Each structure stands twice: as structure tokens, then as C-alpha cells.
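Shown next, in C-alpha cells, is the structure this report addresses.
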Amino acid sequence: MNQTIEELSSFLSTPQKIIITMHRDPDADALGSSLGWASYLLKKGHEVAVISPTDYAANLRWMSGMDQVLVFERQADQVKCRKKIEQATLICCLDFSALSRLKDLGRVVQDAAAVKLMIDHHLEPEHFAKWMIWDTNAAATAQLVYALIKELEAGLTTQEIFDKSMAECLYAGIMTDTGSFRHANVTPEVHLAVADLMLTGFDCSRVHRLIYDNAPLSRLQFLGYVLSQKLVVLPQYRTAYMVLTEAELARFNSSSGETEGIVNYGLQVENVVMSAMFIERKGEVKISFRSVGSFSVRDLASAHFSGGGHKNASGGRSEQSVNETVAYFLSVLPEYQEALLSVD
Ligand code: 5GP
Ligand code: MN
């Protein structure tokens, strides 16, 4: 046991008031790791509240414990959230490394008196937490939560520690952050963790179906529109990009969940190694980047779009107009041409 885990273990030996929070617009890893960790802490007798900075996609609602999740952005939850954070003795920050990723909740967490624990796999963390369980080699935060719980409960069997619904939440995080076990972040540890979680007997095929084959018809129609009308390919930069304006999103009545993952389709085009999606929403432009192999979209996102993330999956934002943002993106591409052309 390293010192962080030893200190955490001793801290958790008495009942605590614990908040678990994750990045805005939480994905299956952010929510799955949070709910898996929450369920473990509840079993250990702690008081636990899970707070999401913003709303989350509908295809994650099935996760066990979701009905208890408070949404800071919701007027109805905000007073309760603030009160719980004020009273908390521990705040666990999962799947993000910078407080700015909490939106308005960031300031509240920063000012809170509680001890902070970060569990994350993103690059370049801010040092706002007393305890950091941080490993950029981990494929998912859920994988780190799995390993942490195993270490805290060394000596117990998997079935004694995890129940099916905890395992499902953690599996969902690992499955989605590895692109269903096909990205470069898949390691023997990933498969070993999943194999171990499967000993609880949950149905992984069902988890996959609930997340990926659970879309309203409108999402597929929207996807059809984007792929047929909005996908631009620049062969000279091995880049694909899509731009979605607020008006188009409104036309398709699209919620944030419906654009999730669409950026990945750009990478399915032959020879393309970077895909970008620009989404105009609430007066700002949110950008998603994906890449393959040696090309780091994280470097591009942090150098030009106040963003970051992982080497092959990152994001950023811009306060310029959507047209200006795209023009700027196109203007920086020559800088990256050599790197794009040299991807294997
Ligand atoms: P997505 O494209 O799914 O929104 O984000 C992909 C990844 O990029 C996320 O897992 C997250 O790590 C990172 N990311 C997305 N948006 C931002 C951002 O605004 N700032 C930073 N630092 N990372 C981001
Ligand atoms: Mn993650």
C-alpha cells in the first residue's frame, strides 16, 4: 500500500460525510466510476452524495444509484448541493484534473473545507487535492476505482467486495473509455480488471446494449444528417471535421447526449487520423477532437482551444463565433501537417 492509500484507508476507518463529483457533461466513465465508488463507500457506512455539475445523457440513467444523483446546475438541487458540500468531510473528484471542468461547481469545491481526493487518468493535473490517485496509463477512472477498492479490501474475494450493480457501473466506464476494448489504452490490466469484475455475474452484453443500442430514433436521424451533410474531409491533412450550429441542433431538437460520440465517425473514413466536431451551444463553441496513433489532439486542443484531455481524445472550447473558430482551426492545420502525415 502506498502512503496515499494508507492515509485514505485510515481516514475511511471512521464514518465520513462524503461528496463525489465528476466533470461536467459526465460520460459513462465519469458517472460509472462515481457511482461504483459511492456504492462501495455506502456499504462501508459512510454518508455519501453524488453531485454532477450538469445534466447527463439519457442512456446513462439505468446505472444503479443514478436516482440519488444531484445536479448542481438544477435550480431545485442547488441549495441542497451547497449544504452537503459545506458539511462534507471528504470531496472525491473523479475523472477530471482541473476544477474548471466542474463549471460553476468548481468554485464551491475549491472553497470547501473538506479534504479532497482526486481519482483520475487525465494528463497534467492541477494540485487541488490532498490525495491524488492519478495514473495516465489507466484506461479509465473506473479502472482506478476498481484497483483502489481491491487494494483497500485486500484479502477479500471479488464477490465479497463487489455486487453486480457496482461491477456494471465500473464496467461501463472501462468499456466506453476504451471504445469497447479497441483503443490504444487497452492493457492486460484492463482485461484482468474486467475479467475479475465479471466474476460477480453481471451481463456485459446488456451494459453494452443499454449504452450503445438505446438511442431515440431522432439520434439516428440526426446522425444520418450529420454524416451525409456535415462531414468534411481534408485529405491533405488526413482530417475530418463537422460543424453543428445552434439552429441545426434546435431543428433536430438535439440534447447534448445526441451529439456524444458522433465525432468518432470521422475516424472511420479511410486515411483519416484526426476528427474534430464543433458544436455551437449556449453562446460558446464546444470542440471534440479524436485521433489515432502518434498524433496528439490534446496538444492541439491545449495549444489553441483552451482544452486538453487525452492524447487521442480531447476537447476544448472557444468564445469566438463558430465560423471564426473553424477558420482558426483550418489556419493552424499546416502547423500539424507533418505530424498528421506521419501517423502509421
Ligand atoms: P469529449 O470530446 O468527449 O467532450 O471529450 C473527450 C475528452 O477530452 C474528455 O474525456 C476530456 O478528458 C477531454 N476534454 C473535453 N473537453 C475538455 C475541456 O474543455 N478541457 C479539458 N482540459 N479537457 C477536455
Ligand atoms: Mn475517463
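Which loop trypsin sites (Lys or Arg not before Pro) in the stretch 181-282, with loop taken from DSSP, have no more than 16 other Cβ atoms within 10 angstrom of their Cβ? Working shown, then result.
Values: sites: Arg182, Arg206, Arg209, Arg219, Lys230, Arg238, Arg251, Arg281, Lys282; in loops: Arg182, Arg238, Lys282.
Here the sparse-neighbourhood loop sites are Arg182, Lys282.
Name the shape class, rounded, prolate or oblate, that the alpha-carbon gyration tensor gives for the stretch 39-117, where a ≥ b ≥ c are the square roots of its eigenvalues, rounded holds for a/c under 1.5, and otherwise prolate holds if a/b is larger than b/c and oblate otherwise. List each step's numbers first, then the result.
Working: a/c = 1.43, a/b = 1.09, b/c = 1.31.
Judged from the Cα gyration tensor, the stretch 39-117 comes out rounded (a/c under 1.5).
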- prompt: Cα axis of helix 164-177 to longest principal axis of the chain: angle in degrees, 0 to 90, nearest 10?
  reply: 30 degrees
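Counting Lys and Arg as +1 and Asp and Glu as -1, what is the net charge of the other residues whose Cβ lies under 15 Å from the Cβ of Val207?
Numbers: positive: Arg61, Lys164, Arg206, Arg209; negative: Asp27, Asp29, Asp163, Glu168, Asp177, Asp203, Asp213.
Result for the neighbourhood of Val207: -3.
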task: Using packing as a proxy for protection, rank 123-131, 41-49 so that the peptide with the highest average count of other Cβ atoms within 10 Å comes first.
output: 41-49, 123-131
query: Along the Cα-to-Cβ line of Glu270, 7 Å from the Cα, sits a label point; which residues in the stretch 288-316 have backbone N less than 20 Å from it?
result: 292-293
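Checking the table Lys130/Lys311; Lys116/Lys286; Lys130/Lys150; Lys44/Lys83; Lys84/Lys116 against a 19 Å threshold on Cα-Cα, which pairs fail? Write down the numbers at each step before the final one.
Working: Lys130/Lys311 26 Å; Lys116/Lys286 28 Å; Lys130/Lys150 21 Å; Lys44/Lys83 23 Å; Lys84/Lys116 14 Å.
Where the Cα-Cα span goes over 19 Å, the pairs concerned are Lys130/Lys311; Lys116/Lys286; Lys130/Lys150; Lys44/Lys83.
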- prompt: In nm, to one decimal, how far is the Val343 label point from the His127 one, both placed 7 Å along Cα→Cβ?
  reply: 3.4 nm
statement: Within the under-15-Å Cβ sphere about Glu124, not counting Glu124, Lys/Arg +1 and Asp/Glu -1 give a net charge of -2
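As a test of the formula, what do you get for the chain when each DSSP H run with n ≥ 4 contributes -39,500 (n - 2.57) and the sum is divided by the residue count, at 222 nm and rounded to the nearest 500 deg cm²/dmol? Don't jump to the answer; show the numbers that get you there.
On the way: 14 runs with 142 residues, N = 344.
Here the helix-only value at 222 nm equals -12000 deg cm²/dmol.
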- line: log10 I(q)/I(0) for the stretch 217-341, Debye formula on C-alpha points only (no solvent), q = 0.14, 0.16, 0.21 Å⁻¹, two decimals, reads -0.54, -0.72, -1.25
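Among DSSP beta bridges lying fully in the chain, give the percent that are antiparallel, nearest 5. Spell out each step's value before the answer.
Working: 19 of 46 bridges.
Close to 40 percent.
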Principal axis dimensions, the chain - Cα atoms, whole angstrom, descending: 59, 42, 39
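None of the figures in this text is laboratory data; all of them are computed from the coordinates on show. If you're wondering where the values come from, they're calculated on a predicted model, not measured in any experiment. Don't worry about glycine lacking a Cβ; one is built from the backbone with ideal geometry, like all the others, and counts go over all protein chains shown.
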